[in-house]
Amino acid sequence: MITFEHIRKQFPDGTVAVDDLDLELPSGKITVFVGPSGCGKTTSLRMINRMVEPTSGRILVDGEDVLEKDPAVLRRGIGYVIQHAGLFPHRTVVDNVATVPHLLGRSKKERRAAAMELLERVGLPTAFADRYPSQLSGGQQQRVGVARALAADPPVMLMDEPFSAVDPVVRDQLQQEFLRLQSELGKTIALVTHDIDEAVKLGDTIAVFRAGGHLAQVGTPQELLERPADDFVRDFVGRDRGFRGLSFESAASLPVRPLGEVGGARLVLDDSGRPVCWEGPGVRGGSAPVEGTFTAHDSLRLVTDLALSSPVATAVRVDGAGRADGLVPHHDLVDHLAARRAPA
Amino acid sequence: MGDDTPYLLDGTHWSGPTGIPHLLLAHLGYTGVALLCGIAIALPVGLYIGHTGRGSFLAINAGNAGRSLPTLGLLMLMVTLMGLGFLPVLIALTVLVIPPILTTTYAGLRNVDRSAVDAAVGMGMRPWQVLWRVEVPMALPVMLGGLRSAALQVVATATVAASVGLSGLGRLLIDGLSVNDYGRVVAGAVVVAVLAIVLDLGLGLVQRYVVSPGVSGRGLRRRGARASAERLDPDLL
Ligand SMILES: Nc1ncnc2c1ncn2[C@@H]1O[C@H](COP(=O)(O)OP(=O)(O)OP(=O)(O)O)[C@@H](O)[C@H]1O
Ligand SMILES: [Mg+2]
């Protein structure tokens, strides 16, 4: 656990970047710092490993005051990932990854073995081990950056906009893999972003900062989307928060209709019962493929999207084996969404 | 005199205390000692200023001031103050070495990718480790560029030693001029030029060997932009 106690940072030029910050980052979880540019996210993050020294207040990592430790020793026990990876261009990929084990005095053989394993973990072919950073794409460099931060298996990781310098497709892929990795490793992570979508996607807890280093709200993504504390958070979370909030609601309680005719169209199944296409006079051109399905474990956001994009405005539910077992026409979905807001 | 054999092809010029090998060795000696002294002064200062960012005005101004000092004038001043000998020559040549080493060391370090340095500090390197494991290896091409240009200048300028009675290839120029033996003057100029070329090629080989392929890009199949080190041409500093 990381605890900020009355943390204040005033730079020599008088700028107050963080003012009286009290915050707890639970162990084994991802806490995202999000907020507009210049609101003190990076400063707060860098105070954890003493890259920035607080003016007053205390920061505890697992109960120990970071200000009482030797900064270099402290930092070797905390993973650190930055926006442009910051790889060492003169060292090969494997040597980059082995940086902290090297500082900790591990043997060459041990370092290399650990680094190779980590490269695989972050999804890089081990053939890349002896390349130099300039021979990698931006996304690959960022993976090496993550592997390097993990190399000494630190319990805590600090990540400053780790995925913002890559294009959206690669970013999405890196985010997915990051979540998979975290589900295996369970690190205590502080992650800075200015992108609320990334915060919602990655955060177990989100801390929304406002200018001057004040906290506007701390909560789960769902709490933030459903109950923004004030206008600032509401604005920051964005116009489509209602729609995005649906990603946290399960489709399990959604009523479905038995397979049959909807809107002048019929669902065609293959031999094993999987949906193939819609057919009938209600479909333009007489027939259209079923492009997506959901299961009871998916979110209402997916169901809504499926219903909106279906040629007959109907989402198709399937069971674990992919066999169609129910239909949700969009007016049923609307009724369900309305009902869940109604007073009991 | 009076014979037509070119100076360099006359065997008698290749032996004895005024023979070319002897002059060449003395010349190399002046050059080497001046380079070592210049490096001993400029390198630590350049590393300190480049690493900390403190006192950069010193690096810039020392560079400009040093470059505009006429070596011959400085040498005469030194001789006037301390008499003949090797020391005034050494001082004059060392003053020549300091600016290129100082400015390229400083500029090389300052131009190291800040995010690499930030990552190095954030991973727990101590300042000394950041300097030697990250900053210097990345700045090396620029720093060696400074060394090469310093070496070229000193090799050419070390001829002034002869003007205050010392040895070196300058003897061929000074003595040749004093007896109107232009063959000897030309021979001196040619030998100095060849020496400069050989020295530069040698340092080029050293550079090839000590700079990481990840920085120089040598022998790599590259993707993306050219390495940051190649952005800085030492001759433009
Ligand atoms: N070294 C410094 N000296 C003076 N002011 C600084 C320094 N570092 C940051 N600041 C100021 O402190 C404030 C917070 O900066 P910080 O980098 O923490 O913002 P941020 O939330 O990370 O913003 P961004 O999203 O743009 O990265 C800003 O006003 C910034 O200008
Ligand atoms: Mg920032």
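The values are calculated or read from the model by the stated rules, or taken from the named source; none is laboratory data. This structure is a prediction, so every number in the text was calculated from the model and none was measured. Cβ: placed from backbone, ideal geometry, glycine included. Neighbour counts: every protein chain shown. Heavy atoms of the whole protein, side chains included, go into the accessibility calculation; ligands, DNA and RNA do not. Shrake-Rupley method; radii C 1.70, N 1.55, O 1.52, S 1.80 Å.
Structure values in brief
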| quantity | calculated |
| --- | --- |
| For the protein assembly as shown, share of DSSP beta bridges that run antiparallel, in % to the nearest 5 | 65 percent |
| All-pairs Cα distance distribution in region B:1-106, expressed in whole percent, bin size 10 Å | 14, 31, 26, 18, 8, 3, 0 |
| Residue among A:Gly40, A:Gly28, A:Gly280 with the largest mean-square fluctuation in a Gaussian network model of chain A, springs linking Cα atoms under 10 Å | A:Gly280 |
| A:Asp335-A:Leu185 FRET efficiency (beta carbon distance; Förster radius 41 Å; 0.05 resolution) | 0.45 |
| Extension gain (nm, one decimal) between A:Lys109 and A:Asp270, 0.36 nm per residue minus Cα-Cα | 52.4 nm |
| Choice from B:Gly217, B:Gly108, B:Gly145 with maximal GNM fluctuation in chain B (Cα, 10 Å cutoff) | B:Gly217 |
| The protein assembly as shown: projected area of the alpha-carbon convex hull, averaged over directions, in nm² | 40.9 nm² |
| Nearest 10 degrees, 0 to 90: helix B:20-52 Cα axis against chain B principal axis | 20 degrees |
| Point-to-point label distance, A:Asp13-A:Gln173, nm (Cα→Cβ direction, 7 Å offset) | 3.9 nm |
| Three-way shape call for region A:266-341 based on the alpha-carbon gyration tensor, with the a/c threshold at 1.5 | oblate |
| FRET efficiency, 1/(1 + (r/R0)^6) with R0 35 Å, evaluated for B:Val206 and A:Glu53 via beta carbons | 0.25 |
| Sparse-neighbour loop sites [trypsin sites (Lys or Arg not before Pro); region A:209-257; at most 11 other C-beta within 10 Å; DSSP] | A:Arg239 |
| Most mobile listed residue (B:Leu147, B:Leu77, B:Leu24) in chain B, GNM with C-alpha springs under 10 Å | B:Leu77 |
| Relative pair counts by distance (%), Cα atoms of region A:42-90, 10 Å bins | 23, 53, 20, 5 |
| Three-way shape call for region A:151-241 based on the alpha-carbon gyration tensor, with the a/c threshold at 1.5 | prolate |
| Inter-chain shielding of A:73-80 (mean C-beta neighbours from other protein chains, 10 Å cut-off) | 3 |
| Cα-based helix-to-principal-axis angle, A:138-150 vs chain A, degrees rounded to 10 | 60 degrees |
| Orientation-averaged projected area, Cα convex hull of chain A (nm²) | 22.5 nm² |
| Radius of gyration and Dmax over the Cα atoms of region A:222-301, both given in Å | 18.2, 54 |
| Exposed GluC sites (Glu not before Pro) absent - longest run of chain A, DSSP non-H/G/I/E/B, at most 12 other C-beta within 10 Å | A:1-260 |
| Size of the A/B contact, given as accessible area buried on both chains, probe 1.4 Å, in Å² | 2300 Å² |
| Per principal axis, descending, Cα span of chain B in whole Å | 72, 46, 25 |
| Rounded tilt (10° steps) of A:330-341 against the dominant C-alpha axis of chain A | 50 degrees |
| For the protein assembly as shown: accessible area per residue (Å², 1.4 Å) | 47 Å² |
| DSSP bridge orientation in region A:2-248 - percent antiparallel, rounded to nearest 5 | 50 percent |
| Average beta-carbon neighbours from other chains, 10 Å sphere, peptide A:134-140 | 4 |
| Theoretical gain in end-to-end length, A:Thr3 to A:Asp197 [0.36 nm per residue, Cα-Cα removed] | 67.3 nm |
| At 1.567 mPa s and 4 °C, Stokes D of region A:32-150 from Kirkwood alpha-carbon radius, µm² per second | 82 µm²/s |
| Share of carbon and sulfur in the accessible heavy-atom surface of chain B [1.4 Å probe, %] | 68 percent |
| Under the Debye formula (equal points on every Cα, no solvent term), log10 I(q)/I(0) of region B:50-124 at q = 0.12, 0.22, 0.27 Å⁻¹ | -0.48, -0.93, -1.12 |
